[in-house]
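Participant: First the structure, then my questions, so here it is.
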Amino acid sequence: MPDAVMSTTQSLITKARRLRADLAAVIEDARAQVWRSRELLLARYPQIRPIGGGSDDARNGAEKTRSLTRDTIVRFLEEQRGEVFCADCITRRLCPGKNIDVAMRHLEGNGLRRRHGQCSACGKSRLVSGL
């Protein structure tokens, strides 16, 4: 019986890994479509073109921005070790106007702890993060 359980467990782990890879591909494809739709919009309505930076490759620029956002969040949480914050409070303090959900999910797999609790900043009961 234990061999059957181990076989089933390995099968489920393999399937979960495959599904995770598939999901990552779908998410990346969605990002590419959003980026392309923005490009098409800006081509059609150039007067609403946002102020841009130095890189022509928007994907590399977006990845640098995501990496900077993740690094900024980690530094902030290291400085506030022992305290936990909701995504809204982290966003307000570090990068107003940005959606940091993806960055938080990436960090969760790299040592960031997320749980339901009381935010150290706003005091609301929410999904909070800390190191």
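The values are calculated or read from the model by the stated rules, or taken from the named source; none is laboratory data. All of these numbers come straight from a predicted model, not from anything done at the bench. Glycine also receives a Cβ, built like all others from the backbone with ideal geometry; neighbour counts cover every protein chain displayed.
Participant: For the structure I just gave you, tell me whether residue 36 is basic (Lys, Arg), at pLDDT 90 or above and either more than 30 Å from residue 121 (Cβ to Cβ) or in contact with a helix residue (DSSP H, G or I) (Cβ under 6 Å, 6 or more places away or on another chain) (or both).
Facilitator: No: the conditions fail for residue 36.
Participant: Within region 78-131, take every residue that is surrounded by 13 or more Cβ atoms within 10 Å (Cβ to Cβ) and acidic (Asp, Glu) and give me the one that is nearest to residue 68 (Cα to Cα).
Facilitator: Selected residue: 88.
Participant: Let me ask something additional. Filter region 1-19 down to residues that are of a type in the set (A, V, I, L, M, F, W, C) and surrounded by 10 or more Cβ atoms within 10 Å (Cβ to Cβ) and give me whichever is modelled with the lowest pLDDT.
Facilitator: Ranking the candidates gives 6 first.
Participant: Among the residues that make up region 105-122, is at least one of them polar (S, T, N, Q) and part of a helix (DSSP H, G or I)? Walk me through it before giving the result.
Facilitator: Filtering region 105-122 for residues polar (S, T, N, Q) gives 110, 118, 120.
In the following step, the residues that additionally are part of a helix (DSSP H, G or I) were identified as none.
Among the residues of region 105-122, not one is polar (S, T, N, Q) and part of a helix (DSSP H, G or I), which makes the answer no.
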